[in-house]
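What follows is a set of notes on a single structure, which appears directly below.
Just so it is clear, none of the values below were taken in a lab; they were calculated from the coordinates. Computed from a prediction, not measured in an experiment: that's the story for all the values here. Note that we place each Cβ from the backbone using ideal geometry, even for glycine, and neighbour counts take in every protein chain shown.
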Amino acid sequence: MPHALTSAFVSDQLALRARTVNAHPERPTGEFVLYWMQSTHRFADNWALRFATREANRLGLPLIIHQGLDPTYEHANDRIHSFILHNARELAQRAERGGLRYQFVLRHRRNDDGRALDRLAARATLVVTDDFPTAGIVERTQRFAAHGDCRVVAVESHAIVPAALFVKEEWAARTLRPKVMAHLSHALEPVADALPRVEASNALWNSLEVDRFDLTGNLTGDLAAEIARCEIDHAVPPAPLKSGRRAALARLRTFCDDALPRYDERRNDPADADGSSRLSPYLHFGQVSTAEVARAAIAAVGRPGAGRFLDELVTWRELALNFALRNPNFRTLAALPDWVHRTMATHAGDAREAAYTREQLERAETHHPLWNAAQRELVATGTIHNVMRMYWGKSVLMWTATYDDALRYLIHLNDKWALDGRDPSSYGGIQWCFGKFDRPWGERPVWGTIRSMSLERAYRKFDAAAYERRWNGAA
Ligand SMILES: Cc1cc2nc3c(=O)[nH]c(=O)nc-3n(C[C@H](O)[C@H](O)[C@H](O)COP(=O)(O)OP(=O)(O)OC[C@H]3O[C@@H](n4cnc5c(N)ncnc54)[C@H](O)[C@@H]3O)c2cc1C
């Protein structure tokens, strides 16, 4: 039996996941509770929406769900805009069918009205939003909470096991694994979501002073035309991956039926595009929840059968979240352990095989065809196969004038081109290339004692030539 929204289970989870951002009291004259959807782009299995619904019921008020898209976020581009907008169209249809009041505001240009959220908040009793440590969301929430006069609560829905249970920075997968795995079954218990008790009247809905973007009705032309009008980077085109919860759930089903039983071996072959779930973009934008993915995997092959997959989905993903939450330097070399700093200091002056600029890397203009293939996969699709992603990151460490350049260039490339980029797992993955979560290995030039990975060895491990042909074919 799923837990009710009013259950002690939900109360306990929310006590861990919800964080009051400012000291303002609730506005007694407020007309509704506002859920400002920022990083969890779904209605199902959404802890912030659950919190907002319970608060609306407590106060006897209706709930308004607001999502906005501005041209001002870092690397704003067609790829990210398109993925968000196509999902929003699906959300609008679901809201209409399901009796939720959901609106989307698309601010095309920087000079367009940017005060929709402030006007809504001025009439709200409290504002509930998503708690997410990357993609500029925590900063945006803090700015908003500081200048408004309304209580703001941020709720974390990214992790299966509430991140608040781990208050210190974890050093490695092995330190977090036993802790998250001990909580996993309990955290996966399902909840029966329910609509807010008080409906928002048409009069209230129509009185909200926002320029709603029409996602369901008479939208003439397609979303591409709207995106073309936005003041964003049009050089990063939409990725071929279909956005939206429907596509995410279809992909999850296919993965559980076909690849999951042999995930352990199939995930190691970059030529086998379907050997891993390829759910990271959907998970990054919260179109599907990690708990839903874990439940489906366990239902398909049992918990022991899903063991390796759960290790990536839970241990590694939540290790990255812990890193982004507990280490304020997660984007810089300062986040790395002392042994890495010592070895980098020793090897800072070592001769490099190459010293590429960020632009050369971005244009896939290195001497190595396998690396260029990975960069082209990133540019073309918005992701890189996990195995090639490790080679891609590790190689750059060897090919720039300094370690600091390497880290900055990788973050730039990943944040800009990756559909699953700007995620805690982005910074966890990139910093792993520099020794984060790892231990010292044998000493080598430039690498020092950081674990090395040579592109030449990749040819012996999988059909790297086929991968190269696939992505360099047209180059
Ligand atoms: C240099 C580098 C950069 C990376 N950048 C990103 C990124 O921008 N976004 C991102 O989501 N992941 C990133 N990763 C981690 C990992 O490569 C991807 O999560 C994975 O390849 C996504 O493919 P999938 O969905 O098929 O994964 P699956 O193997 O099917 O795993 C399921 C899910 O578990 C999570 N996951 C898997 N591996 C890891 C990992 N090592 N660390 C954290 N979470 C993991 C992801 O959410 C993934 O979707 C990076 C790794 C490296 C080495």
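Couplings for the stretch 399-408, taken from phi via the Karplus curve 6.51 cos²θ - 1.76 cosθ + 1.60 with θ = phi - 60°, read 10, 10, 5, 9, 5, 5, 4, 4, 5, 5 Hz in order; Gly and Pro are left as x. The stretch between residue 96 and residue 186, if pulled fully straight at 0.36 nm per residue, gains 29.1 nm over its current Cα-Cα span.
Exposure proxy for 344, 1, 37, 453: other Cβ atoms within 10 Å of each Cβ, ordered fewest to most, give 1, 453, 344, 37. Simple point charges give the picture: +1 on the Cβ of Lys and Arg, -1 on the Cβ of Asp and Glu, and for the chain a dipole about the Cα centre of about 640 debye.
Phi angles across the stretch 437-454 convert, under the Karplus curve 6.51 cos²θ - 1.76 cosθ + 1.60 with θ = phi - 60°, into 3J(HN,Hα) values of 6, 10, 10, x, 10, x, 6, 9, x, 6, 4, x, 9, 6, 3, 8, 9, 9 Hz, Gly and Pro given as x. Within the chain, DSSP assigns beta bridges of which about 15% are antiparallel (rounded to the nearest 5). Take 425-435, 106-116 and order them by the average number of nearby Cβ atoms within 10 Å per residue, most first; the result is 425-435, 106-116. Using only the alpha-carbon atoms, how far is helix 317-326 inclined from the longest principal axis of the chain? Give it as 0 to 90 degrees, nearest 10. It is inclined by approximately 80 degrees.
Starting from the Cα of residue 355, move 7 Å in the Cα-to-Cβ direction to define the label point; list residues of the stretch 399-429 whose amide nitrogen is under 19 Å from there. Flagged as within label range: 399-410.
Note on residue 465 and residue 367: their simple-model spin labels are 2.2 nm apart, each label 7 Å out from Cα toward Cβ.
Site pair residue 401 and residue 257 shows an inter-label distance of 5.5 nm when each label is modelled 7 Å from Cα along Cα→Cβ. Taking other residues whose beta carbon is less than 15 angstrom from the beta carbon of residue 348, and scoring Lys, Arg as +1 and Asp, Glu as -1, yields -1. Sorting 399, 47 from the fewest to the most surrounding beta carbons within 10 angstrom yields 399, 47.
The C-alpha atoms of the chain define a longest principal axis, and helix 245-254 lies at about 50 degrees to it.
In a fully extended conformation the segment linking residue 225 and residue 342 would gain 36.9 nm over its present Cα-Cα distance, using 0.36 nm per residue. Each of 318, 265 was scored by other Cβ atoms within 10 Å of its Cβ. Listed from fewest to most, they are 265, 318. Helix 338-347 and the longest principal axis of the Cα set of the chain meet at an angle near 40°.
At 4 °C and 1.567 mPa s, what whole-number value in µm²/s does Stokes-Einstein give for the translational diffusion of the stretch 1-135, with Rh from the Kirkwood sum over Cα pairs? Answer, rounded: 80 µm²/s. Projecting the Cα atoms of 125, 208, 364 onto the charge dipole of the chain, computed from C-beta unit charges around the Cα centre, puts 125 farthest toward the positive end.
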